[in-house]
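Data first, discussion second: the structure below is written as structure tokens.
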Amino acid sequence: MNNNPRLFAYATWVVMISLAIIVFTDSFLIYATDEGWVGLAALLAFGFVYLNFSYLSVKRFIRKVFEQTHLHFILAFLIYLPAAIWVALISESIEGARFIMLIVLAFSCGLGAIYGYRAGKRVQQQHLDKTVSG
């Protein structure tokens with residue numbers, strides 16, 4: 001099965017949603033520069049949002065991919081890219097915490113891709129088992 005058209009379709013909506021998330025939450029990036037528990041909570045919140053977004057999109061993509069592939073890492077990178085560009089180049093409110101924010105986003109997208117791949121393969125196997133037995 002050729003996954004390039006599916007990858008293109010997923011890539012377009014993933015980039016758009018990732019950019020929308022970072023643009024609409026830009027006013028909350030100021031909290032990530034705080035050195036106390038508020039800064040930690042803001043970093044964890046952004047990480048949690050991108051981890052879940054990466055997890056869900058990769059899981060949905062992998063459900064219909066039957067061969068071994070590493071395309072899920074491309075999706076995770078495309079989720080990371082708009083947010084990283086926004087944090088690194090555009091946002092002025094996160095001056096002191098740019099590097100840590102980029103690391104948190106990269107780590108979150110990577111973990112989401114890994115666990116989303118596992119969950120997608122598990123859902124795929126459950127569907128195949130149900131189809132064969134039912």
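A few notes on this one:
- Calculated Rg and Dmax of the Cα atoms in Å (choose from (i) 16.7, 57; (ii) 27.0, 96; (iii) 14.1, 44), label: (i)
- Convex hull of the stretch 41-106 built on C-alpha atoms - directionally averaged projected area, nm²: 4.6
- Dividing the convex hull volume of the alpha-carbon atoms in the stretch 1-52 by its residue count gives 70 Å³ per residue.
- Neighbour counting of Cβ atoms within 10 Å sorts the residues T131, T33, T69, fewest neighbours leading, into T131, T69, T33.
- Distance from the stretch 86-134 to the stretch 3-70 (C-alpha centre basis), Å: 6
- Placing unit charges on each Cβ (+1 for Lys and Arg, -1 for Asp and Glu) gives the stretch 4-133 a dipole about its Cα centre, and among C109, S91, V58 the Cα reaching farthest toward its positive end belongs to V58.
- Among W86, W13, W37, the ranking by other beta carbons within 10 Å of each residue's beta carbon, starting with the fewest, stands as W37, W13, W86.
- The GluC sites (Glu not before Pro) of the stretch 1-110 meeting both criteria, a DSSP state outside H, G, I, E and B (loop) and at most 12 other C-beta atoms within 10 angstrom of the site's C-beta, are E35, E67, E92.
- Taking other Cβ atoms within 10 Å as a rough exposure proxy, S57, S27, S133 sort from fewest to most as S133, S27, S57.
- Note on N3 and T25: with the Förster distance fixed at 35 Å, the Cβ-Cβ geometry gives a FRET efficiency of about 0.70.
Read-outs: derived from the displayed coordinates by stated rules, not from any lab. Please read all numbers here as calculations on a predicted model, not as lab measurements. So basically every Cβ, Gly included, is an ideal-geometry build from the backbone, and we count neighbours across all protein chains shown.
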